[in-house]
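Engineer: So that we are looking at the same thing, I have put the structure below in structure tokens.
The values are calculated or read from the model by the stated rules, or taken from the named source; none is laboratory data. Because the structure is a prediction, the values reported are computed rather than measured. Glycine gets a Cβ as well: all are built from the backbone with ideal geometry, and neighbour counts include every protein chain shown.
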Protein chains: 2
Amino acid sequence: MKTIKEGEVRKREILLVARELFVKKGYDHTSVNDILKIVDIAKGTFYYYFSSKEEVLAAIILDIVDEGAKRAERILKDKSIPLMNRIMMAIMAQAPEFEGSDEIKEEMHKVENAKLEQLYTKAMLQRMTPLLAEPVREGLEQDVFHTDYPTESIESILLLGHMLFDSNIMEWEIDVYPQKIQAFLANIERLLGTKEGELNGFLQMFKN
Amino acid sequence: MKTIKEGEVRKREILLVARELFVKKGYDHTSVNDILKIVDIAKGTFYYYFSSKEEVLAAIILDIVDEGAKRAERILKDKSIPLMNRIMMAIMAQAPEFEGSDEIKEEMHKVENAKLEQLYTKAMLQRMTPLLAEPVREGLEQDVFHTDYPTESIESILLLGHMLFDSNIMEWEIDVYPQKIQAFLANIERLLGTKEGELNGFLQMFKN
């Protein structure tokens, strides 16, 4: 008889294999059978854990978002980092890493994988907005940020950051990036209502 | 022998039928054969105009964006409308209308249609950003707007407007919309660097 722990391990194994297949072959071209073959389990076992391929996808997306959120949380806990840097580093840290593989990231961004992108964006905003609400409240209390809409501003910053720099929506030539990053940082300052140039220090990071 | 005009009519007919099928059945569940059956043409005729179903989709998306851009252009031409209202009305007017049918819009927003959404967002930004650059320049010259990044601010406003209010990314309850709209308008003011409250008049439109 399986223990709960074995069940959890089995579930994680399915997720791990499915994730690899989805990014390698694309979501549409991966069948439940493909997953079964590699995990080496019966169909019934799969359906004991997941009701459909879609449910596996949703679970993977939540995993990816969760991994990003945990990286962000570690940074946000470190109050020795100046507030603005802490927020910016957390936003940058939460963007998904796919074992550093550009190929896998590109696969995620293909038109066929638009579903993955959309589910990710939705889950990321739901998870990250409350996380960042706290340091923003800190900034409001310290009178460094000024906005009547802290939640909405964070939501917009996260959404813009993702859409402009992590998704494949913008097809910018590599040489316009410095301008685009500079504009984004200036607009973050405005959305948080902090003083102009507050993020200049941060900008130096991109100047190499 | 077909004249160029007949060819153009045939092409438009394919696009019209395909568009209806894509929104009704979903893009993935529509085959080139489904399109052929309704337009009543041979496979060869279809492939004379389009190399693939993907190409049909791309053409439809450009049509939808173009229809929106034309509505925006008509508004932007009318210099009797105060600048800020002109910009806001143009942004609102360009959002796609599907013959007013909410059902069709919902179909577009289903996860299966994430491709449509992504292609639309990309094409919309490419088309609308230069269109709005002109009135923004007007605002900069008149000293009502203040930003070093007019293009990027317009890009961000268009992207946020679409993602927050026209896509299915945010799953807000109906009662939070007034707050979300108010926040968006306040953030537009900041992104354009106009004075706070400049869009208050516009806000009244949503208060009924």
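Engineer: State all residues of region A:83-111 that are over 16 Å from the mean Cα position of the chain (by Cα) and either within 30 Å of A:F145 (Cβ to Cβ) or at pLDDT 95 or above (or both); if no residue qualifies, say none.
Structural biologist: A:L83, A:M84, A:N85, A:R86 - these are the residues of region A:83-111 that are over 16 Å from the mean Cα position of the chain (by Cα) and either within 30 Å of A:F145 (Cβ to Cβ) or at pLDDT 95 or above (or both).
Engineer: Could you list, in sequence order, all residues of region A:135-156 that are part of a helix (DSSP H, G or I) and facing another protein chain (nearest Cβ under 10 Å)?
Structural biologist: Start the filter on region A:135-156 by keeping residues that are part of a helix (DSSP H, G or I), which leaves A:135-141, A:150-156.
Answer for region A:135-156, where residues must be part of a helix (DSSP H, G or I) and facing another protein chain (nearest Cβ under 10 Å): A:P150, A:T151, A:E152, A:S153, A:E155, A:S156.
Engineer: Could you go through region A:137-153 and let me know if any residue there is within 15 Å of B:L159 (Cα to Cα) and modelled with pLDDT of 95 or more. Reasoning before the result, please.
Structural biologist: The initial filter retains those residues of region A:137-153 that are within 15 Å of B:L159 (Cα to Cα), namely A:152-153.
Remaining after also requiring modelled with pLDDT of 95 or more: A:152-153.
Within region A:137-153, one or more residues are within 15 Å of B:L159 (Cα to Cα) and modelled with pLDDT of 95 or more.
Engineer: Which of (1) closer than 26 Å to B:M128 by Cβ; (2) loosely packed, with under 14 Cβ neighbours inside 10 Å; (3) of a type in the set (K, R) does B:K43 not meet, given it meets every other one?
Structural biologist: All conditions are met except number (1).
Engineer: When region A:17-28 is examined, which residues are found to be assigned to a helix (DSSP H, G or I) and of a type in the set (D, E, K, R)?
Structural biologist: The answer is A:R19, A:E20, A:K24, A:K25.
Engineer: Mind counting the residues in region B:166-189 that are surrounded by fewer than 18 Cβ atoms within 10 Å (Cβ to Cβ), at the interface with chain A (Cβ under 9 Å from one of its Cβ atoms) and either in contact (Cβ under 8 Å) with a residue 12 or more places away in the chain or outside any loop (DSSP other than H, G, I, E, B) (or both)?
Structural biologist: 3
Engineer: Another question, if that's okay. Restricting to region A:133-165, and then to whatever is under 22 Å from B:E171 (Cα atoms) and touching a residue at least 60 places away in the same chain (Cβ under 8 Å), can you tell me which residue is surrounded by the most Cβ atoms within 10 Å (Cβ to Cβ)?
Structural biologist: A:I157
Engineer: Have a look at A:Y177, A:Y149 and point out the one that is out of contact with any Phe, Trp or Tyr (no Cβ under 6 Å at 6 or more places or on another chain), among the hydroxyl-bearing types (S, T, Y) and within 23 Å of B:G197 (Cα to Cα). Lay out the reasoning, then the answer.
Structural biologist: Details: A:Y177 fails: within 23 Å of B:G197 (Cα to Cα).
When all the criteria are applied, what remains is A:Y149.
Engineer: In this structure, does A:L203 turn out to be surrounded by 14 or more Cβ atoms within 10 Å (Cβ to Cβ) and either of a type in the set (S, T, Y) or modelled with pLDDT of 95 or more (or both)? Walk me through it before giving the result.
Structural biologist: On the way: surrounded by 14 or more Cβ atoms within 10 Å (Cβ to Cβ): yes; either of a type in the set (S, T, Y) or modelled with pLDDT of 95 or more (or both): no.
Taking the combined requirement at face value, the residue does not satisfy it.
Engineer: Sticking with this one: Being within 14 Å of chain B (Cβ to nearest Cβ) and modelled with pLDDT of 85 or more narrows it down to one residue among A:S52, A:S80; which is it?
Structural biologist: On the way: A:S80 fails: within 14 Å of chain B (Cβ to nearest Cβ).
It is A:S52.
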